[in-house]
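This report refers to the structure that appears directly beneath it.
The values are calculated or read from the model by the stated rules, or taken from the named source; none is laboratory data. Given the structure is predicted, the values throughout are model-derived calculations rather than measurements. Neighbour counts are summed over all protein chains in view; Cβ atoms, including those assigned to glycine, are modelled from backbone coordinates with ideal geometry. Please note that ligands, DNA and RNA were not included when accessible areas were found on the heavy atoms of the full protein model with its side chains. Shrake-Rupley method; radii C 1.70, N 1.55, O 1.52, S 1.80 Å.
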Amino acid sequence: MRYAPLVKRALFFVAILGVCLSCRRHAGDVRVRVLYSSQNPATQKLRQSEREFSFTDARLRSDKPFVIAGSTVDDPASLIADRSKSVNVDLFLLKSAAELADIPELRKAMGDSFSVCGQAVAYIPDWATEERREGAARFLQYLSTHCR
């Protein structure tokens, strides 16, 4: 079939508009950066819960959407101890508190621990921004009810 040039341009415009709108949806999302310890036996369940959480259309109190951006590391203790690298993480999901370096300032900055999935310990550090802290807390709330 041959299409008239006007129809081709219209289809091209609709395709470009669709791509732009789909990319725009995630442009304003707050990214909550989560670090999983590979030493944790619950990491697989946590990652599965993260995937399920991505379908909930999670939003902050300000109605701003947020997404979880997770990564897994083999040696979280060294990453946490290196302040220049650890400031890029908003939520730590570790095997135990023993994975934290024994540095008093660091332990204080990590804040309170939360038990997740019965086998993991979570920390929301002080350096996370208010929006990311709220997103991390909402993700932990989801994990407390959906990850068993």
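Brief remarks follow.
- Subtracting the Cα-Cα distance of A98 and Q141 from their residue separation scaled by 0.36 nm leaves 13.2 nm.
- Mean residue ellipticity (222 nm) of the chain, computed from DSSP H runs ≥ 4 via -39,500 (n - 2.57), nearest 500: -14000 deg cm²/dmol
- L6 paired with W127, simple spin-label distance in nm, labels 7 Å along Cα-to-beta-carbon: 6.0 nm
- Electrostatic bookkeeping for W127 treats Lys and Arg as +1 and Asp and Glu as -1; over the other residues with beta carbon under 10 Å from its beta carbon, the sum is +1.
- Counted over the chain, the DSSP beta bridges are approximately 40% antiparallel.
- Annotation: per residue accessible area for the chain equals 62 Å², rounded to a whole number [probe 1.4 Å, protein chains only].
- Rolling a 1.4 Å probe over the protein heavy atoms leaves R133 with an accessible area of roughly 80 Å².
- Take every Cα pair under 8 Å whose residues are at least 6 apart in sequence, average their separation, divide by the length of the chain, and the relative contact order is 26 percent.
- Here the accessible area of the chain is 56 percent carbon and sulfur, with a 1.4 angstrom probe and all protein chains present.
- Residue of F66, F114, F55 that the Gaussian network model of the chain assigns the largest fluctuation, springs spanning Cα pairs under 10 Å: F55
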